[in-house]
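Scroll down for the structure; my scribbles are underneath it.
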């Protein structure tokens, strides 16, 4: 059986940032680089990339050797176990919203160089970073810090609710780096640069999900916590709901799986697969939404059948009439007449 080679997508700039942290503490990074199988000559390649496995290895080694889980970002060390302590403070929360709020509040207690806040506005939520001083000694350390902090909290949030949480976008307060294309892998959804502050934005409905992890699961996770920053969850516990809402809100923009998948920032294949995992199909959801919309319009308005078809998301009247008869056994006109009160 053939196995695909690991994808080298993590920028070498992040390795250079870790090496800068070693320099700050006056220590030699050679053992950590060797442990991660990163040749010193490759580290100097500005456009170089490493795999997620290599990034996990060098990060783990550096955090332990430097006794700093922040890897030189902040004005004081975060000793080994600091982020585990934050996770323990969040694990007993009833919902993801409260878990993230606890994480943000407690993070300020261990590192006052930044403030993390959870903000909601309408149907969207965002986790934002306010900076209160220089992060690290170089611009590379600052970038690595902001990317890592957001990836960590996003990864933890996904783990807590055992669900993929797709990002609507990520944003950063610096110019697009030379390795900007790597952000397509680091963050789902588009990435914006030169913004006021670093943040990730997602559908606020995920905040209502209950936590699905307990203390035992936390103990197991903390033994291998770093992969949380690169783990891509297959399951999206709100995908059916999000698809249904898009079909209702944008019927003219969701005729095909390709258009709908683009709005969700996933591939059509992924869309079909994840819906199947949730026990649903795209066609069944379309039928449900269209039938409800068409029935409501036929009963509560006098719109012509052609307009009802368009409003329900059909591309033409003929296909609407055929589908409606399959749902109800009646044509739209017959359904409307049969529902009219007798005078």
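Would you call residue 154 more than 17 Å from the chain's Cα centre (by Cα) and in a helix (DSSP H, G or I)? Before the answer, list the steps.
Numbers: more than 17 Å from the chain's Cα centre (by Cα): no; in a helix (DSSP H, G or I): yes.
The answer is no for residue 154.
Is it the case that residue 23 is out of contact with any helix residue (DSSP H, G or I) (no Cβ under 9 Å at 6 or more places or on another chain) and in the same structural domain as residue 128 (by TED's automatic domain parsing)?
Details: out of contact with any helix residue (DSSP H, G or I) (no Cβ under 9 Å at 6 or more places or on another chain): yes; in the same structural domain as residue 128 (by TED's automatic domain parsing): yes.
Yes: the conditions hold for residue 23.
Listed here are the residues, each with its yes/no results for (1) surrounded by fewer than 21 Cβ atoms within 10 Å (Cβ to Cβ); (2) assigned to a loop (DSSP other than H, G, I, E, B).
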site	(1), (2)
41	yes, no
50	no, no
55	no, no
60	yes, no
79	yes, yes
97	yes, no
112	yes, yes
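Looking at the stretch 302-333, which of the residues that are closer than 22 Å to residue 245 by Cβ and surrounded by fewer than 16 Cβ atoms within 10 Å (Cβ to Cβ) is nearest to the chain's Cα centre (by Cα)? Before you say what the answer is, go through the steps one by one.
Residues of the stretch 302-333 that are closer than 22 Å to residue 245 by Cβ, as a first pass: 308-315, 320, 323, 327.
Next, from what is left, pick out any that are surrounded by fewer than 16 Cβ atoms within 10 Å (Cβ to Cβ): 315, 327.
On the way: 315: 33, 327: 37 Å.
Per the criteria, the residue is 315.
Condition check: at pLDDT 90 or above and over 15 Å from residue 236 (Cβ atoms). Does residue 154 satisfy that?
Numbers: at pLDDT 90 or above: yes; over 15 Å from residue 236 (Cβ atoms): no.
No; evaluated as a whole, the condition is false for this residue.
Just wondering, is there one or more residues in the stretch 60-73 that are under 27 Å from residue 161 (Cα atoms) and in contact (Cβ under 8 Å) with a residue 60 or more places away in the chain?
Yes, that holds for at least one residue.
Conditions (1) in contact with a helix residue (DSSP H, G or I) (Cβ under 8 Å, 6 or more places away or on another chain); (2) farther than 27 Å from residue 164 by Cβ; (3) in contact (Cβ under 8 Å) with a residue 60 or more places away in the chain, marked per residue:
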position: 247; (1), (2), (3): yes, no, yes
position: 264; (1), (2), (3): yes, no, yes
position: 268; (1), (2), (3): yes, no, no
position: 297; (1), (2), (3): yes, yes, no
position: 314; (1), (2), (3): yes, yes, no
position: 317; (1), (2), (3): yes, yes, no
position: 328; (1), (2), (3): yes, yes, no
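The values are calculated or read from the model by the stated rules, or taken from the named source; none is laboratory data. It should be emphasised that the depicted structure is a prediction, and the values quoted were computed from it without experimental measurement. Every residue, glycine among them, receives a Cβ derived from its backbone with ideal geometry; neighbour counts consider all protein chains shown.
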